[in-house]
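**Q** Attaching a single structure in structure tokens format; questions to follow.
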Amino acid sequence: MSTESLVDALEREHQQIDHAIDDFLSEGGDATALLGAITALRRHIYLEEEYLFPALPDPALAAPVFVMLREHAQMWRLLDALDDVLRTRDDRSEAARLCKQLSIQLQHHNQKEERILYTAAATTIPTELTDRIRGLIHSTPEAPPGWVCIKTRNTSEGKPSSV
């Protein structure tokens with residue numbers, strides 16, 4: 001297994017996803033690479049919500065985690081729209097508009113996540129768990145089928161949960 005730390009692996013994923021979006025927005029960007037970045041971002045969100053965030057023991061982090069969950073839901077809906085445009089409509093101008101919106105969201109989100117939650121994770125999560133999450137980063141190509149981020153899951157009444 002790589003000697004890369006969990007925080008380094010998560011931050012590297014942020015950079016790779018950002019790079020794929022930026023490449024798409026540049027002239028002649030690759031839609032296939034962007035679809036790969038969408039898959040990578042969904043898996044990244046899955047690993048954070050199912051493994052990283054629950055492992056953060058400090059109650060003072062509850063508010064920042066809540067903000068990250070809310071922002072994940074906003075991005076998730078945008079990813080759904082972007083995926084639809086790329087797969088069914090092949091509308092490059094609409095895809096670019098959605099990419100710009102996603103890029104702005106990611107800029108703000110990633111900065112907060114890295115500064116607050118990743119910093120806490122580096123010092124508070126036990127080594128065996130950080131190793132497990134790091135292993136999942138390298139061995140899990142996508143989120144499980146049907147998995148959606150926490151704040152987009154339906155409530156018992158069948159309505160989207162509030163964000």
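Every read-out reported here was derived from the displayed coordinates using simple, explicitly stated rules and does not represent laboratory data. Small disclaimer: the values here were computed from a predicted structure and weren't measured. Counting neighbours? That spans all protein chains shown, and the Cβs are built from the backbone with ideal geometry, glycine included.
**Q** Residues of region 56-73 being surrounded by fewer than 17 Cβ atoms within 10 Å (Cβ to Cβ), assigned to a helix (DSSP H, G or I) and not aromatic (Phe, Trp, Tyr), which ones?
**A** The answer is Pro59, Ala60, Ala62, Ala63, Val67, Arg70.
**Q** Continuing with this model, one more query. Tell me, yes or no, whether region 17-37 has at least one residue that is under 21 Å from Thr152 (Cα atoms), in a helix (DSSP H, G or I) and in contact (Cβ under 8 Å) with a residue 12 or more places away in the chain. I'd like the intermediate steps shown before the answer.
**A** Of region 17-37, the ones under 21 Å from Thr152 (Cα atoms) are 35, 37.
Checking the rest, the ones that are also in a helix (DSSP H, G or I) come to 35, 37.
Restricting the remaining residues to those that are in contact (Cβ under 8 Å) with a residue 12 or more places away in the chain gives 35, 37.
So far as region 17-37 goes, yes, one or more of its residues are under 21 Å from Thr152 (Cα atoms), in a helix (DSSP H, G or I) and in contact (Cβ under 8 Å) with a residue 12 or more places away in the chain.
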